[in-house]
Amino acid sequence: MRHLLDIDDLSTDELVHLLDLAEKGPLPPVLDKQGVALIFEKPSARTRNATEMAVVQLGGHPITIRGEEIGLDTRESVEDVTRTLARYHAVLAARVFDHRTLERMVAVSSVPVVNLLSDVAHPMQALADVLTLRQEFGSLDGRTLAWVGDANNVCRSLTVAAGKLGMRVRVAPPVGYEFSDAELERMALAGARPEQLGRPEDAVDGADAVVTDTWVSMGQEAEASDRKKDFEGYTVDVELMRRAAPHAVFLHCLPAHRGEEVSHDVIDGPQSRVWVAAENRMHTARAVLSWLHTHAQGDSNA
């Protein structure tokens, strides 16, 4: 049984295959008359819409479940919820606070499990981002990606995806927001070796793509005041983008806070590919669901 909890669950060939599938347009309705459970401990706009539409495009029926409706580890254990839902659905996908929840699901699930976001990883966003860059540049081998800001879950997954596709990755986080040694070691095993730099200008210099994320993510509201101070000088604005290559594009996973991590004239400007990447969340979700379900059917028929 194959699952997708992070990009390093995929070989480079499998990653390329998923991007190819995402670009193919309509795929066979492999989920015809089957359900996909979408569990949301965290609310969502893009993830819910993209994944629900991907299920529909594959002929399936998405059922979105809020965290309070099933009460993971309050009303029922993660394991019991997983075992029950796997009896109804062809795939389980979850957006969770704790990555360990997904690992516990995988341990007992009889169907594929997909990470729609956790505190450790965001593989679906990473797939959409590298698909967007591949559509922009063709081969990504030798291209440079610059990440400005927190070396967070989105950054980790994107770094691995970009590294597998031959990109150089430069990460410029404030002090205290860098990758840990353990994270760097794990990424190296997956073939990604990001360069961590202290100044955004150094990371962006000559880069083909500039990426950032919000300074305060969901669940970090209590840290908002401190984070905004720590991230002063890390806004991606027109001046910073001028240091990138003339053809450089800008990406952001959204939601964006104009005037904080990005200026309005960058995210709404001609270099922005933010809305293309948002659409690509649906196309890559369709590819992932089709691929995982096809593998599961192959396993069950073996």
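Every number here is computed from the coordinates shown, using simple stated rules; none is lab data. Not measured: the values here are computed from a predicted model. When we count neighbours, we look across all protein chains shown, and the Cβ atoms used for this are built from the backbone with ideal geometry, even at glycine.
So here's what we get for this one:
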{"read-out": "Spin-label pair residue 258/residue 195, simplified geometry with 7 Å Cα→Cβ offset, distance in nm", "value": "3.4 nm"}
{"read-out": "Per-residue [θ]222 nm for the chain (sum of -39500 (n - 2.57) over DSSP H runs n ≥ 4, rounded to 500)", "value": "-13000 deg cm²/dmol"}
{"read-out": "From phi via Karplus (6.51, -1.76, 1.60), per-residue ³J(HN,Hα) for region 24-34 in Hz, x at Gly/Pro", "value": "6, x, x, 10, x, x, 5, 9, 3, 6, 10"}
{"read-out": "Descending Cα extents along the principal axes, region 185-302, whole Å", "value": "56, 38, 29"}
{"read-out": "Cα-based convex hull volume of the chain per residue, rounded to whole Å³", "value": "124 Å³"}
{"read-out": "Nearest 10 degrees, 0 to 90: helix 274-300 Cα axis against the chain principal axis", "value": "30 degrees"}
{"read-out": "Amide N proximity, region 98-129 versus residue 76 label position 7 Å along Cα-to-Cβ, cut-off under 18 Å", "value": "101-114"}
{"read-out": "Anchor residue 228: aspartates and glutamates whose Cα lies under 15 Å away (excluding residues fewer than 8 positions away in-chain)", "value": "150, 213, 260, 261"}
{"read-out": "Backbone HN-Hα couplings from phi across region 250-264 [Karplus 6.51/-1.76/1.60, Hz, Gly and Pro as x]", "value": "10, 10, 8, 6, 6, x, 9, 10, 4, x, 10, 6, 8, 7, 5"}
{"read-out": "Contact order relative to length of the chain, as percent, for alpha carbon pairs under 8 angstrom and 6 or more apart", "value": "21 percent"}
{"read-out": "Cβ charges +1 (Lys, Arg) and -1 (Asp, Glu), total dipole of the chain, debye", "value": "780 debye"}
{"read-out": "Under 5 Å, built H, 5+ apart or other chain: amide partners of residue 149", "value": "172"}
{"read-out": "Hits among lysines - C-alpha to C-alpha of residue 229 under 27 Å, sequence gap 8 or more where chains match", "value": "42"}
{"read-out": "Under 5 Å, built H, 5+ apart or other chain: amide partners of residue 119", "value": "98, 99"}
{"read-out": "Leading residue at positive end of dipole, region 24-135 (Cβ point charges), from 96, 36, 108", "value": "36"}
{"read-out": "Antiparallel bridges, percent of DSSP beta bridges restricted to the chain (to nearest 5)", "value": "0 percent"}
{"read-out": "Segment residue 223-residue 45, length gained on full extension (0.36 nm per residue, minus Cα span)", "value": "61.8 nm"}
{"read-out": "Under 18 Å from residue 164, Cα to Cα: lysines that are on another chain or at least 8 residues apart", "value": "none"}
{"read-out": "Relative contact order computed over region 127-237 (Cα-Cα under 8 Å; 6+ residues apart), in percent", "value": "30 percent"}
